[in-house]
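Each remark here refers to the structure printed beneath this line.
The values are calculated or read from the model by the stated rules, or taken from the named source; none is laboratory data. The structure displayed is predicted, hence computed values, not measured ones. For neighbour counting, all protein chains shown are included, and Cβ atoms are generated from backbone atoms with ideal geometry for every residue, glycine included. Just so you know, the surface numbers come from the protein's heavy atoms only, side chains and all, with ligands and any DNA or RNA stripped out. Shrake-Rupley method; radii C 1.70, N 1.55, O 1.52, S 1.80 Å.
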Amino acid sequence: MSKMATPTPEAKGLRQSMAWIHTWLGLLAGWILFAMFLTGTASYFRPEITQWMQPELRPATVSATQAAQTSVAYLQATSPDDEQWFIYLPDDRTAETRVFARPKPNPDAKATPTKRAAELKLDPATGVPLTARDTRGGEHFYRFHFQLQLPHPWGRWLAGLCAIFMLATSISGVITHKRIFVDFFTLRWGKGQRSWLDAHNVSAVLALPFHAMITYTGLITLVVMYMPWPIMANYQKPATFSAEAYGRDNEGEASGKAAPLAAIGPMMAAATREWQGGRPRTIIIRHPNDAAATVTLVQSGADQLNARSPSVTFSGASGARLSGSHRPGPAIATAGVMLGLHIGQYAGPVLRWTYFLLGLTGAAMVGTGLLLWTAKRRKPGTKPFFGFHIVERLNIATIACLPTGMAAYLLANRLIPVDISGRAGMEVSAMFWTWFGLATLSVMRPVARAWPEMLMVSAGAFAALPIVNMATTQRGFFASLMAGDGLFIAFDLVMVAMAALLGFGAWKAGQVKAKKAPTRRRAVSPSVQQQVREVVDAA
Amino acid sequence: MDVRITVLSRPQARSVTAFVMIGRCLTALVGGYAAAAGVASLTARLLPIARAEATGWGMIISFLIFAILGLWAFHQPRLTRVATVIWGLAALSIGACYLLGVRA
């Protein structure tokens, strides 16, 4: 704070002021940003994590048309009078059909509203509901990434605040960093604070375009919530904006005249022709079995960069095409592409893994930045100020303990009995109890011990995952290898890689302390954190 | 303001500095948001293109305006200048939006 205390107009250069604000913005938002980066990175494999967390589900792959037909048949048999049906077809990354039916509103206004029916998973080949262990799957990491497990809307606002801090921190970081291309190739190991700065610079600069993109596009994902004012300046009713921007929703009323629902197959073929080979992914059927029924097909997000997928609507009674979404203008298309770039649904396997690795460099950049803050302020032989202890402890609690919490979420999925009620919530609780429990425990240990110990625990938790998976399911590593089950093989390999990196970091942190402790005046070795760099780079 | 700090006693100077810092943070965060929202909305209102498109551009640029105003609030040493520019920009742009009214 002292730098800011008596600023004189001439004395403070742009680089100086930017360095100051970079430090403090980064510190304030750093811990939450680290968690957002880590869970967001995991979310690039959201459907894969969900598949891994329901190992009993192994439906055969069938054509999208067959999946659509079987699910419509199921909904016709179970709830033909609903107001609306949602069908999410399987694709390369999701094996099941998901359906969700919304019943007609009760005409009696005083009646208690019908409870929202849960989403069902259907076997795409037969349309029979699939039963599997109750879990939130990859959805949990995805939701935590921008809701932070806080009540709505506070989690989203806090995530947005951290994101705008991240944007300002990136801009000020680039201004501060004058030698951006020289430091691109500079990493001086084992030089204390200088090494932390290098590690921070390398992880930040190498992936700078990615960090800048992911931060700005992240803000854009919730722009309507964060910045609705331009809509207010142009529209009486905000709904008019979404209708103009993304095409009008066919919210027609039911006619009350019954009419059988036309076959879905020809509509899907027609949509694919209209999209020049694009695949329908979502089917929305309004007022099924009514003369005014509509069937809206939405194209798969894997087909194009713009996440606002085109759609086409057919008459449910005749099967004739009624309308299609219009091509968006440049601004709406730009926003849609930004959304697409952030969620990466368009990305194929190679690009997806690139996203995953770049996301990890984001976590590394934030983590090394946080460690740099303490490395810079550590003065051997002097008693550190109070805030220093807080930052040091929060660094351990976040960087070394959060990964264990994430592993605990996955472990809980295998260890909590499959048919116990409320197990999905227990899995989520396992993550936070483990994370905050270990964080509390780490406070009771000396800093120099807490780093290697907590990192070792996280390495152990990740190493345990393939073993526990093998012991509790039929889909262990070797069985998956025999079956050529790429997803389960890759999952185990990533867990082992995480364990190895965290274990390596724990070993380095412990080793440095043992080696250097006698030469230091204080028990807390300044170099311990510097040696955790490998882990931070990885985790 | 700098001159005044030098003649104050130390605890007094510290409280003035804290006050200045709080004012600066509030101006950057709240004022910066208000100014970004106002400028983005005014842009959306005035751009002579389809209103959905204008709205889209306004929303897209808003975060960049917010970030730059927020950073500038910590670069410019004089808080009075920071507060005048940021709160003034917010008041003018939001006021202009109100006077113009919603696009027909």
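Can you find a residue in the range A:299-310 that is open to solvent by less than 30 Å² (accessible area, probe 1.4 Å) and free of Cβ contacts under 8 Å to residues at least 24 places away in the same chain?
No, the range A:299-310 has no match at all.
Does the range A:176-184 contain any residue that is within 19 Å of the chain's Cα centre (by Cα) and at pLDDT below 90?
Residues of the range A:176-184 within 19 Å of the chain's Cα centre (by Cα): none.
No, every residue in the range A:176-184 fails to be within 19 Å of the chain's Cα centre (by Cα) and at pLDDT below 90.
Out of A:F45, A:F37, I need the residue that is closer than 30 Å to A:N469 by Cβ, touching a helix residue (DSSP H, G or I) at 6+ places or on another chain (Cβ under 6 Å), away from every other protein chain (no Cβ under 14 Å) and buried (at least 21 other Cβ atoms within 10 Å of the Cβ). Which one?
Numbers: A:F45 fails: touching a helix residue (DSSP H, G or I) at 6+ places or on another chain (Cβ under 6 Å).
The conditions single out A:F37.
Given the structure, is A:R98 within 32 Å of the chain's Cα centre (by Cα) and open to solvent by 60 Å² or more (accessible area, probe 1.4 Å)?
Considered against the rule, which asks whether it is within 32 Å of the chain's Cα centre (by Cα) and open to solvent by 60 Å² or more (accessible area, probe 1.4 Å), A:R98 comes out as yes.
Looking only at the range B:46-63, which residues are open to solvent by 40 Å² or more (accessible area, probe 1.4 Å) and either within 7 Å of chain A (Cβ to nearest Cβ) or of a type in the set (D, E, K, R) (or both)? Reasoning before the result, please.
Of all residues in the range B:46-63, those open to solvent by 40 Å² or more (accessible area, probe 1.4 Å) come to B:46-51, B:57, B:61.
Across the range B:46-63, the qualifying residues are B:A50, B:R51, B:W57.
If you go through the range A:355-367 one residue at a time, do you hit one that is in a loop (DSSP other than H, G, I, E, B), within 20 Å of the chain's Cα centre (by Cα) and over 30 Å from A:K104 (Cα atoms)?
Within the range A:355-367, none of the residues are in a loop (DSSP other than H, G, I, E, B), within 20 Å of the chain's Cα centre (by Cα) and over 30 Å from A:K104 (Cα atoms).
Matching residues to (1) open to solvent by 30 Å² or more (accessible area, probe 1.4 Å); (2) more than 24 Å from A:A331 (Cβ to Cβ); (3) within 14 Å of chain B (Cβ to nearest Cβ):
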site: A:N234; (1), (2), (3): no, no, yes
site: A:E244; (1), (2), (3): yes, no, yes
site: A:G265; (1), (2), (3): no, yes, no
site: A:R273; (1), (2), (3): yes, yes, no
site: A:R286; (1), (2), (3): no, yes, no
site: A:L297; (1), (2), (3): no, yes, no
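Under 8 Å by Cβ, and 6 or more places apart or on different chains, what pairs join a residue from the range A:484-506 that is β-branched (V, I, T) with one that is in a helix (DSSP H, G or I)?
Going by the 8 Å Cβ cut-off, the qualifying pairs are A:I489/A:F477; A:I489/A:S480; A:I489/A:L481; A:V496/A:F462; A:V496/A:A463; A:V496/A:P466.
Restricting attention to the range A:368-399, and to residues there that are assigned to a helix (DSSP H, G or I) and without any contact (Cβ under 8 Å) to a residue 24 or more places away in the chain, which single residue is farthest from A:L167 (Cα to Cα)? Outline the logic, then answer.
Step one: of the range A:368-399, the residues assigned to a helix (DSSP H, G or I) are A:368-377, A:386-399.
Those still in the list that are without any contact (Cβ under 8 Å) to a residue 24 or more places away in the chain too: A:377, A:386-390.
On the way: A:R377: 25, A:F386: 29, A:G387: 25, A:F388: 25, A:H389: 27, A:I390: 25 Å.
By that ranking, first place goes to A:F386.
Yes or no: A:R352 in a helix (DSSP H, G or I), farther than 30 Å from A:L394 by Cα and charged (D, E, K, R)? Explain how you work it out, then say what you get.
On the way: in a helix (DSSP H, G or I): yes; farther than 30 Å from A:L394 by Cα: yes; charged (D, E, K, R): yes.
Taking the combined requirement at face value, the residue satisfies it.
Name the residues in the range A:372-391 that are hydrophobic (A, V, I, L, M, F, W, C) and surrounded by 17 or more Cβ atoms within 10 Å (Cβ to Cβ), would you?
Within the range A:372-391, A:L372, A:W373, A:A375, A:V391 meet the criteria.
Which count do you get for residues in the range A:72-95 that are open to solvent by 30 Å² or more (accessible area, probe 1.4 Å) and touching a Lys or Arg at 6+ places or on another chain (Cβ under 6 Å)?
Adding up the residues that qualify gives 2.
Which count do you get for residues in the range A:431-475 that are open to solvent by 20 Å² or more (accessible area, probe 1.4 Å), in a helix (DSSP H, G or I) and not polar (S, T, N, Q)?
Total meeting the criteria: 19.
Does the range B:91-104 hold any residues that are within 11 Å of chain A (Cβ to nearest Cβ) and of a type in the set (A, V, I, L, M), and which are they?
Scanning the range B:91-104 gives B:I94, B:A96, B:L100, B:V102, B:A104.
I'm trying to understand the selection: among the residues of the range A:375-419, which are over 27 Å from the mean Cα position of the chain (by Cα) and of a type in the set (A, V, I, L, M)?
A:A375, A:I390
Within the range A:256-284, track down each residue that is in contact with a helix residue (DSSP H, G or I) (Cβ under 9 Å, 6 or more places away or on another chain), of a type outside the set (K, R) and part of a loop (DSSP other than H, G, I, E, B).
A:L261, A:A263, A:W275, A:G277, A:G278, listed by residue number.
Does A:A500 fit the bill of being closer than 20 Å to A:T39 by Cα and part of a helix (DSSP H, G or I)? I'd like the intermediate steps shown before the answer.
On the way: closer than 20 Å to A:T39 by Cα: yes; part of a helix (DSSP H, G or I): yes.
Yes, satisfied.
From the set of residues in the range B:8-18 that are more than 9 Å from chain A (Cβ to nearest Cβ) and open to solvent by 60 Å² or more (accessible area, probe 1.4 Å), which is nearest to A:A333 (Cα to Cα)?
B:S15
Considering each of A:S203, A:S170 in turn, give the residue that is in a helix (DSSP H, G or I) and at pLDDT 85 or above.
A:S170
Which members of the range B:66-84 meet the condition of being more than 10 Å from chain A (Cβ to nearest Cβ) and in contact (Cβ under 8 Å) with a residue 12 or more places away in the chain?
B:T80, B:V82, B:A83
I need every pair where a residue in the range A:64-80 that is touching a residue at least 40 places away in the same chain (Cβ under 8 Å) and in a helix (DSSP H, G or I) has its Cβ under 8 Å from the Cβ of a residue that is acidic (D, E) and surrounded by fewer than 22 Cβ atoms within 10 Å (Cβ to Cβ), sequence separation at least 6 or different chains.
Within 8 Å, the pairs are A:A64/A:D91; A:T70/A:D123; A:L75/A:D82.
How many residues are in a loop (DSSP other than H, G, I, E, B) and at negative phi when one looks only at the range A:285-332?
Number satisfying all stated conditions: 21.
Among the residues of the range B:19-42, which ones are open to solvent by 50 Å² or more (accessible area, probe 1.4 Å) and either at the interface with chain A (Cβ under 8 Å from one of its Cβ atoms) or farther than 16 Å from B:I60 by Cα (or both)?
Kept after step one, since they are open to solvent by 50 Å² or more (accessible area, probe 1.4 Å), are these residues of the range B:19-42: B:19, B:22, B:25-26, B:29-30, B:33.
Those that are open to solvent by 50 Å² or more (accessible area, probe 1.4 Å) and either at the interface with chain A (Cβ under 8 Å from one of its Cβ atoms) or farther than 16 Å from B:I60 by Cα (or both): B:F19, B:I22, B:C25, B:L26, B:L29, B:V30.
Any idea how many residues of the range A:311-338 are at the interface with chain B (Cβ under 9 Å from one of its Cβ atoms) and either open to solvent by 40 Å² or more (accessible area, probe 1.4 Å) or within 28 Å of the chain's Cα centre (by Cα) (or both)?
Total satisfying the criteria: 8.
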